[in-house]
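First up is the structure itself, then whatever we jot down about it.
The values are calculated or read from the model by the stated rules, or taken from the named source; none is laboratory data. Note that the structure is a prediction, hence the values are computed from the model and not measured. Positions of Cβ are backbone-derived with ideal geometry, glycine not excepted, and every protein chain shown enters the neighbour counts.
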Amino acid sequence: MTRILIWFLLLAGGLIVGPLLDMVLFSNLFRSISFHIVSFVFGVILLCLVINGARNTGRQLARGGRIGDLPRMETNRLVTTGLYSCMRHPMHLALLFFPLALAMLEGSPSFIGIIWPLEVLFMLIMIKFVEEPGAKNKFGSDYTAYEKEVPMFTLSPSCLQDLFLKRSETSYSKTKQQKE
């Protein structure tokens, strides 16, 4: 629950502080209709990609990460297949872009160029120092071995395509087999 509260505080902070900074730092750009139109279009596209990424990883976690009757968003089994075979935190990677999508929808240059990079840095620190140790505690040596073989994030085009574009599990398996 604490993580969700922090997440909402980051988003709300950016949405409120961004326009306030814009009035001082980027008043001409913030008042530009063409900037807002372009920013909004890219924001919608990015938001769709982020939603697909969260949906794709959420489905994999729901299918492979639960044994028994667990509450939503809980796992008791380490998932190392599908998107989780090319990076350890694909959902986090997708969600790192959620504040940027909101900033672009809002058309806030300060949120886009100042607040979002700071939020990404904060989220990366949280992943490294909260999520990773939590996974090690939960899954023990299995996670330690997984951590040695799979990077936290990757910018591999095929992996990013699998993350952000809606693909069926069958399609992903075929792509994986062609690579091998």
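Given the residues GLY43, GLY53, GLY13, which is the only one that is closer than 16 Å to GLU106 by Cα and either in contact with a helix residue (DSSP H, G or I) (Cβ under 6 Å, 6 or more places away or on another chain) or basic (Lys, Arg) (or both)?
Working: GLY53 fails: closer than 16 Å to GLU106 by Cα; GLY13 fails: either in contact with a helix residue (DSSP H, G or I) (Cβ under 6 Å, 6 or more places away or on another chain) or basic (Lys, Arg) (or both).
Sole residue among the options that is closer than 16 Å to GLU106 by Cα and either in contact with a helix residue (DSSP H, G or I) (Cβ under 6 Å, 6 or more places away or on another chain) or basic (Lys, Arg) (or both): GLY43.
Pick from region 137-168 the residues that are under 20 Å from the mean Cα position of the chain (by Cα) and at pLDDT below 90: which of them is surrounded by the fewest Cβ atoms within 10 Å (Cβ to Cβ)?
SER168
Answer yes or no as to whether ILE125 is buried (at least 19 other Cβ atoms within 10 Å of the Cβ) and either within 20 Å of the chain's Cα centre (by Cα) or under 24 Å from CYS159 (Cα atoms) (or both).
no
So, in region 50-90, exactly how many residues are at pLDDT below 80 and surrounded by 19 or more Cβ atoms within 10 Å (Cβ to Cβ)?
Matching residues across region 50-90 total 1.
Do we find a residue being modelled with pLDDT of 85 or more, among the aromatic types (Phe, Trp, Tyr) and either farther than 26 Å from GLN161 by Cβ or exposed (fewer than 15 other Cβ atoms within 10 Å of the Cβ) (or both) anywhere in region 27-41?
yes
Here's the yes/no breakdown for (1) free of Cβ contacts under 8 Å to residues at least 24 places away in the same chain; (2) farther than 22 Å from VAL38 by Cα; (3) assigned to a helix (DSSP H, G or I):
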{"site": "SER110", "(1), (2), (3)": "no, no, yes"}
{"site": "ILE114", "(1), (2), (3)": "no, no, yes"}
{"site": "ASP142", "(1), (2), (3)": "no, yes, yes"}
{"site": "ALA145", "(1), (2), (3)": "yes, yes, yes"}
